Each structure stands twice: as structure tokens, then as C-alpha cells.
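Participant: Got a structure here, written out as C-alpha cells. Questions coming.
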Amino acid sequence: MLALSSADTANAPQALALRADQLATPAALTGLHPPGPPACPARVGDGHPIGERDVLLDGRPGRLLVLTTDKPGRLRALVLSADCATVLADTLVGR
């Protein structure tokens, strides 16, 4: 069993608190981590994840996935619940 020390938890990334209308802002799209294995592949669709992070969206915990789209200069900000059962937000960002 792995136990985290207080030093480990102090350095752990914190979830970014956002409102749904803030998903298209630079603050929401910075501090992303490289994507791991596809989270909730059925929800991601054709986009390729380029970054992700934990968020609190309107007070609800979720995972922000930033995905490519078929249009240059446009990204998709998708926020899913931890169990992938609920899409908390799905926003296009850019031109």
C-alpha cells in the first residue's frame, strides 16, 4: 500500500476551480498535464487529447480534456465526471 506523506500531498496538483463560462479562457487551458491513456474513449470521439487536468467545474469535480478538432486554430474543452457518466461541459475554443 502506498501512503503519501504530507510533503507529497503538498506538491500534488490541485484542481482548478472554474465556472462553465471560463472554459474558453487562457487560465483554464494552462497548467495542463500530458494526456495519459485515453480517458472515457467513447466520450472523446475523434479528437486527440493534447492535455488534461483536474477541475472543479461549478463546484463539481471533473477532468478537463483539451482535444484537437478538424479545424485549425480550434480546440475542444471537454469536462467529464470522474466516472465518465456525465459530460459536465463541452466547449469549442478558438476560431
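For every residue, the table says whether it meets (1) on the phi > 0 side of the Ramachandran plot; (2) in contact (Cβ under 8 Å) with a residue 24 or more places away in the chain; (3) among the β-branched types (Val, Ile, Thr); (4) part of a strand (DSSP E or B).
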site: GLY31; (1), (2), (3), (4): yes, no, no, no
site: PRO35; (1), (2), (3), (4): no, yes, no, no
site: ASP46; (1), (2), (3), (4): no, yes, no, no
site: ASP83; (1), (2), (3), (4): no, no, no, no
site: VAL93; (1), (2), (3), (4): no, yes, yes, yes
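Participant: Filter the range 27-44 for residues that are open to solvent by less than 50 Å² (accessible area, probe 1.4 Å), modelled with pLDDT under 80 and not β-branched (Val, Ile, Thr) and give the result.
Facilitator: GLY36, ALA39, CYS40
The values are calculated or read from the model by the stated rules, or taken from the named source; none is laboratory data. Computed from a prediction, not measured in an experiment: that's the story for all the values here. For neighbour counting, all protein chains shown are included, and Cβ atoms are generated from backbone atoms with ideal geometry for every residue, glycine included. Each accessible area value is taken on the protein alone, full model and side chains, heavy atoms only, with ligands, DNA and RNA left out. Shrake-Rupley method; radii C 1.70, N 1.55, O 1.52, S 1.80 Å.
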